[in-house]
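The values are calculated or read from the model by the stated rules, or taken from the named source; none is laboratory data. Note that the structure is a prediction, hence the values are computed from the model and not measured. Note: ideal-geometry Cβ built from the backbone for every residue, glycine included; neighbour counts use all protein chains shown. Quick note on the areas: whole protein, heavy atoms, side chains included, nothing else; ligands and nucleic acids left out. Shrake-Rupley method; radii C 1.70, N 1.55, O 1.52, S 1.80 Å.
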Amino acid sequence: MEPVPGRRWQKVLYERQPFPDNYVDQRFLEELRKNVHARQYRYRAVVFQSGAVVQQLCSVCVFVLTWWYMDAGMLSPQGLFGAALVSSLLGYVLFDAVDGGAGRWASGRTRWADLKSTLVFTAFTYGFSPVLKTLTESISTDTIYAMSALMLLGHLIFFDYGANAAIVSSTLSLNMAIFASVCLASRLPRSLHAFVMVTFAMQIFALWPMLQKKLKARTPRCYVGVTVLFALAALAGLATVSSVGAVLFASLLLAISCLCPYCLIRLQLLKDNIHGPWDEAEIKEDLSRFLM
């Protein structure tokens with residue numbers, strides 16, 4: 001069917017027109033838009049946001065190194081427990097000092113409630129440490145190591161790095177990390193080692209990220225400094241075990257914090273999403289009133 005001269009085509013379905021179904025006029029591409037919802041990233045901002053990934057990788061590295069030192073007899077459980085206790089007290093004070101206690105006031109949680117929760121968790125973990133020590137005796141050591149590696153990998157995958165994605169699950173991430181700590185703790189010499197290891201895992205996988213998120217929101221410069229120091233400490237500890245591993249781990253951290261942001265910025269220049277009349281219709285009006 002040929003267009004009728006003098007008859008203007010209209011983009012409607014309720015009127016019969018002397019045009020073929022796939023006909024469009026010259027105005028069709030006038031509504032073409034490109035990269036409507038594209039975000040413009042800055043290199044420094046992306047590097048800053050990558051600090052969460054760097055810190056979590058370093059947390060896993062420090063945890064595994066601590067377990068290795070305890071398994072080799074180079075670190076006593078009493079020494080680790082004392083160091084963890086002191087660092088927890090300092091972190092607790094810093095957590096309130098960062099925002100002047102505003103977060104505690106908003107949540108309505110008292111220090112006495114925090115102390116009770118800490119004592120209950122410590123007593124519960126210490127009482128069940130003999131069970132944790134013998135929980136996986138029937139499982140081979142190679143299987144324990146494989147499960148621990150998979151759980152720590154899952155912890156890194158599902159951890160909340162600040163992205164709004166369906167894969168993010170803080171609860172699942174923490175549970176996988178604690179499961180890995182229980183598996184590794186069961187291969188330590190005594191039940192006291194298992195108790196200290198699980199307690200340390202809770203500190204580094206649950207309490208440490210909370211402090212880092214508050215530092216990131218309140219004092220960005222302090223957050224950057226802590227991230228760099230933490231990464232250097234992890235690299236120094238890894239270098240005492242394997243120099244090759246330390247070099248590879250340093251390369252991984254540099255790639256995540258420097259190379260990946262650069263690649264993201266460069267790839268953004270090649271982004272070319274088109275939008276126009278062919279897009280699916282979007283209902284932006286609130287239709288909840290029709291459900292009542």
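Some notes on this structure:
- Per residue accessible area in Å² of segment 43-269, where ligands, DNA and RNA are left out and the probe is 1.4 Å: 55
- Structure-based [θ]222 nm, the chain - -39500 (n - 2.57) summed over DSSP H runs of at least 4, per residue, nearest 500: -19500 deg cm²/dmol
- Extension reserve of the Asp21-Ala149 stretch, reckoned as 0.36 nm per residue once the Cα distance is removed: 40.3 nm
- Förster radius 51 Å - calculated FRET efficiency between Ala236 and Arg111, Cβ distance, rounded to 0.05: 0.90
- Ligands, DNA and RNA left out, the accessible area of the chain computed with a 1.4 Å probe is 65% carbon and sulfur.
- Normalised contact order of the chain, rounded percent, pairs of Cα under 8 Å and 6 or more residues apart: 31
- Modelled FRET efficiency - R0 41 Å, Val36 with Ala206, Cβ distances, 0.05 increments: 0.55
- Leading residue at positive end of dipole, segment 43-269 (Cβ point charges), from Leu211, Val60, Cys183: Leu211
- Relative contact order %, segment 102-234, counting alpha carbon pairs below 8 Å whose residues are six or more apart: 24
- Among Leu153, Leu132, Leu248, residue whose mean-square fluctuation peaks in a GNM of the chain (springs only between Cα atoms under 10 Å): Leu248
- Two-site FRET efficiency, Trp9 against Ala166, from Cβ-Cβ distance with R₀ of 51 Å, rounded to 0.05: 0.75
- Check: the chain dipole with +1 on Lys, Arg Cβ and -1 on Asp, Glu Cβ, in debye: 820
- Amide H contacts of His275 (H built 1.01 Å from N, in plane; Pro and chain starts excluded): Arg33, Lys34, Asn35 sit under 5 Å, all sequence-distant by 5 or more or on other chains.
- Tensor-based shape of segment 43-269 (alpha-carbon gyration tensor, a/c under 1.5 rounded, otherwise prolate or oblate): oblate
- At most 15 other Cβ within 10 Å, DSSP loop - trypsin sites (Lys or Arg not before Pro), segment 147-235: Arg190
- Phi-derived couplings, Karplus 6.51 cos²θ - 1.76 cosθ + 1.60 at θ = phi - 60°, listed residue by residue for segment 62-72: 5, 5, 5, 4, 4, 4, 5, 5, 5, 5, 7 Hz, with x used for Gly and Pro.
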